[in-house]
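The values are calculated or read from the model by the stated rules, or taken from the named source; none is laboratory data. Worth saying up front: this structure is predicted, and the values here are computed from it rather than measured. Neighbour counts run over all protein chains shown; Cβ positions are idealised from the backbone, glycine included. Calculation scope for accessible area: heavy atoms of the full protein, side chains included, ligands and nucleic acids excluded. Shrake-Rupley method; radii C 1.70, N 1.55, O 1.52, S 1.80 Å.
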Amino acid sequence: MKVTMMMVMMVLAISVYLDSASAASSVGEFVDKTINNNKIATFSKTYCPYCRRAKAVFKELNQVPYVVELDERDDGSKIQDVLVNIVGKRTVPQVFINGKHLGGSDETVEAYESGLLAKLLGIETVDHDDL
Ligand SMILES: N[C@@H](CCC(=O)N[C@@H](CS)C(=O)NCC(=O)O)C(=O)O
C-alpha cells in the first residue's frame with residue numbers, strides 16, 4: 001500500500017513538473033513568435049508611463065506596434081521572466097524592431113529623436129515633437 005502511494009505521488013510530481021516545463025516552453029515560443037513575426041513588438045503594461053511614452057513614439061511615426069500588455073495576461077509575469085533572459089532587464093516597455101531588441105522607453109525616444117528608429121523602420125523621418 002505504501003509503495004503504491006509512493007508511486008502515485010511520484011507520477012503526480014512528474015506530471016506537475018512536465019506541465020510547468022511545457023507551459024514555460026510555450027511562453028518562450030509565444031515571446032519568440034511575437035518578436036520575430038512583428039515589425040514592431042512592444043511588451044508593455046497598461047498603467048506604465050514609460051510604456052505610454054514608447055507607444056506615443058510610434059503614434060508620432062504613424063506606426064502601429066504589436067503590443068503585449070503584460071498586466072492584462074495571466075502569463076504576464078512568466079513572459080517577463082522570459083524577457084529577462086533575452087534583454088537582461090525586468091522593466092517594461094521592451095521594444096523590438098524587425099526581430100532585434102531596441103531597448104526600453106529611453107532608448108526608443110532616443111532612437112526616435114536621432115532618426116535611427118525611422119531608419120530601422122524604413123520610413124521617412126518626420127519633424128520631432130517633444131514626448
Ligand atoms: N528607464 C526605463 C524605465 C522603465 C521602468 O522603470 N518601468 C517600470 C514600470 S513604469 C517597470 O518596469 N517596473 C518593474 C515592473 O513593472 O515589473 C525605460 O526607459 O524603459
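Value of Rg to Rh for the chain, rounded to two decimals, is 1.20; Kirkwood radius and Rg both from alpha-carbon coordinates.
With a 1.4 Å probe and all protein chains left in place, how much of the accessible area of region 31-121 comes from carbon and sulfur atoms, in whole percent? Of all accessible area on region 31-121, carbon and sulfur atoms account for 47 percent.
Computed extension length for ALA56-GLU110: 18.1 nm, one decimal, from 0.36 nm per residue of separation with the Cα-Cα distance subtracted. A 1.4 Å probe run over the chain, with the rest of the protein chains in place, finds 64 Å² accessible per residue. Taking 7 Å steps out from each Cα toward its Cβ at LEU121 and ASP75 produces label points 2.8 nm apart.
Let's see if you can work this out: charge +1 on each Lys and Arg Cβ, -1 on each Asp and Glu Cβ, no other charges. What is the dipole magnitude of the chain about its Cα centre, in debye to the nearest 20? Write down the numbers at each step before the final one.
Details: 14 positive and 18 negative charges, 98 e Å.
So the magnitude is around 480 debye.
Amide H to amide H distances under 5 Å link VAL67 with THR42, where only residues 5 or more positions off or on other chains count and H is placed in the peptide plane. Measuring r between the beta carbons of SER26 and MET6 and using R0 = 30 Å, the FRET efficiency lands at 0.45.
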